[in-house]
Amino acid sequence: MNTHDIATHLNAVRTRLAAAERRAGRAPGSVRLLAVSKTRTVDEIRAAVAAGQRAFGENYLQEALEKIDALKDEPLEWHFIGRIQSNKTRQIAERFDWVHSVGSLKHARRLNDQRPGPLPPLKVCLQVNVSGEASKGGFAPQALDEAVPACCALDRLQLMGLMTLPAPALTEAEQRPPFRRLRELRDRLATDTCRLQTLSMGMSGDLEAAVAEGSTLVRIGTAIFGPRP
Ligand SMILES: *Cc1c(COP(=O)(O)O)cnc(C)c1O
């Protein structure tokens, strides 16, 4: 997509997000926008950067590393949101600022052990499979009672909150229940030392439902960059 269209779409998403915040009675600016740039070129990302976007989400490690290198002159924040493979945790720990898709204690411990000392702790969200789909990664809700305090105790990770990726649904009424379940889990699990302030939920097709249910960070690809090739 050309530079001009990306800026236009990005502004339309910002307007949509502001409207969703207002409608839900949320403070303006309380929901962060993560631009999901998987499959997009460096030039497409630069167009979003020129329009003021700083945080980008990537799913595929090799592709992401090439873009992180190509854009190292820009002060960007990189979020890993894809499925984690055990043999790739080191590069994720070394090159990203955030990981949203931590789906096992084993991966949390590896990322903690591999986060380089000079860098700040890696910000992470635990991915939760709220609807129990067999094909999806992430923690089962009942596994969080153990996983949240265990991750919170890892000193090279900063546990920010929870993330979910529900099955696509068409209407807002159908979209809201999994987001509500994630918020209720957070409310139940949060403690003074582990506040779980981030709820990473909402994509191009369901951001309004997610914001209505308390999302603090939406992950938006298609609505900014157009349909993926
Ligand atoms: C691709 C992807 C998104 C963005 O989806 P869109 O529908 O293009 O906005 C968000 N989150 C995750 C985990 C993704 O893989």
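Listed values, structure above:
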read-out	value
From the options SER204, SER215, SER200, residue that is farther than 22 Å from LYS123 by Cα, modelled with pLDDT of 95 or more and within 15 Å of the chain's Cα centre (by Cα)	SER204
So ALA55, is it in contact with a His (Cβ under 8 Å, 6 or more places away or on another chain), surrounded by 14 or more Cβ atoms within 10 Å (Cβ to Cβ) and not charged (D, E, K, R)	yes
Condition met for ARG46 (in contact with a Gly (Cβ under 7 Å, 6 or more places away or on another chain), of a type outside the set (A, V, I, L, M, F, W, C) and open to solvent by 60 Å² or more (accessible area, probe 1.4 Å))	no
Enumerated helices (runs of 4 or more DSSP H) restricted to the range 22-107, each holding at least 1 residues that are within 14 Å of the ligand (Cβ to nearest atom) and in contact (Cβ under 8 Å) with a residue 24 or more places away in the chain	42-50, 61-70
Matching option when the condition is open to solvent by 20 Å² or more (accessible area, probe 1.4 Å) and on the phi > 0 side of the Ramachandran plot, among GLY137, GLY132, GLY103	GLY132
Selection status of ALA70, farther than 30 Å from GLY132 by Cβ, out of contact with any helix residue (DSSP H, G or I) (no Cβ under 6 Å at 6 or more places or on another chain) and open to solvent by 10 Å² or more (accessible area, probe 1.4 Å)	no
Test: residue in the range 2-15 that is within 14 Å of the ligand (Cβ to nearest atom), open to solvent by 10 Å² or more (accessible area, probe 1.4 Å) and within 17 Å of the chain's Cα centre (by Cα)	no
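The values are calculated or read from the model by the stated rules, or taken from the named source; none is laboratory data. Just so it is clear, the structure is predicted and the values come from calculations on it, not from any experiment. Cβ: placed from backbone, ideal geometry, glycine included. Neighbour counts: every protein chain shown. Only protein heavy atoms, including side chains, enter the accessible area calculation; ligands, DNA and RNA are left aside. Shrake-Rupley method; radii C 1.70, N 1.55, O 1.52, S 1.80 Å.
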